[in-house]
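Derivation of every value follows stated rules applied to the coordinates shown; laboratory data play no part. Here the structure is a predicted model, which means the values were calculated and not measured. Here the Cβ is made from the backbone with ideal geometry for all residues, glycine too, and neighbour counts use every protein chain on show.
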Amino acid sequence: MFGIEDIFKEPKQWGFRGDPFLWNELKHEVIEIGGFDSTEDFMLFIKRRFNEHINLRLFSEEGDLISENFPQQESIFIQKFAHGGMSSGYICLKWWVNYLLPLMREQYIEGSKLK
């Protein structure tokens, strides 16, 4: 049976301390929405919500990375994800773009094969 736990298996490593809090926030939002018609619909939802959480338009409405909006800094601070520690509240943008979002996509595809 395909479930949310299939999509949101936590990675072995995070970029910064705020990353798992964003991961869990996205997980809960996916739970609220329910199902998606396709991998593309799922990823479009994730990227739109990611934009909103980081308060930066990193992805277009179509889900494409907007390279000129990709900041030179590696991270961005999000107050609601600050829960203590040296990099608390920081989201590692490069880690999300290069690893975590592709991981979510891959896990969605793998999970949907279990339907």
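Might you let me know whether segment 80-88 holds any residue that is part of a loop (DSSP other than H, G, I, E, B), out of contact with any Leu (no Cβ under 9 Å at 6 or more places or on another chain), surrounded by 14 or more Cβ atoms within 10 Å (Cβ to Cβ) and not hydroxyl-bearing (Ser, Thr, Tyr)?
yes
Mind checking whether some residue in segment 4-25 is assigned to a helix (DSSP H, G or I), within 11 Å of the chain's Cα centre (by Cα) and of a type in the set (Asp, Glu)?
Yes, segment 4-25 contains a residue that is assigned to a helix (DSSP H, G or I), within 11 Å of the chain's Cα centre (by Cα) and of a type in the set (Asp, Glu).
Would you pick out the residues in segment 76-91 that are in contact with a helix residue (DSSP H, G or I) (Cβ under 6 Å, 6 or more places away or on another chain) and not aliphatic (A, V, I, L, M)?
If the condition is that a residue be in contact with a helix residue (DSSP H, G or I) (Cβ under 6 Å, 6 or more places away or on another chain) and not aliphatic (A, V, I, L, M), then Phe81, Gly89 are the ones that fit.
Just give me the residues in segment 50-73 being without any contact (Cβ under 8 Å) to a residue 24 or more places away in the chain, in contact with a helix residue (DSSP H, G or I) (Cβ under 8 Å, 6 or more places away or on another chain) and not small (Gly, Ala, Ser), in sequence order.
Across segment 50-73, the qualifying residues are Leu56, Arg57, Phe59, Glu61, Glu62, Pro71, Gln73.
Please pick out the residue among Glu61, Glu110, Glu52 that is more than 16 Å from Asn24 (Cα to Cα), of a type in the set (D, E, K, R) and part of a helix (DSSP H, G or I).
Just one listed residue meets the conditions, Glu110.
For segment 44-78, what are the residues that are among the basic types (Lys, Arg) and either under 12 Å from Val97 (Cβ atoms) or touching a Phe, Trp or Tyr at 6+ places or on another chain (Cβ under 8 Å) (or both)?
Scanning segment 44-78 gives Lys47, Arg48.
Here's the yes/no breakdown for (1) hydroxyl-bearing (Ser, Thr, Tyr); (2) in contact with a Lys or Arg (Cβ under 9 Å, 6 or more places away or on another chain):
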{"residue": "Glu40", "(1), (2)": "no, no"}
{"residue": "Arg48", "(1), (2)": "no, no"}
{"residue": "Leu58", "(1), (2)": "no, yes"}
{"residue": "Gly63", "(1), (2)": "no, yes"}
{"residue": "Ser67", "(1), (2)": "yes, no"}
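When only residues in segment 18-38 that are surrounded by fewer than 14 Cβ atoms within 10 Å (Cβ to Cβ) and of a type outside the set (A, V, I, L, M) count, which is nearest to Tyr108 (Cα to Cα)?
Here the answer is Ser38.
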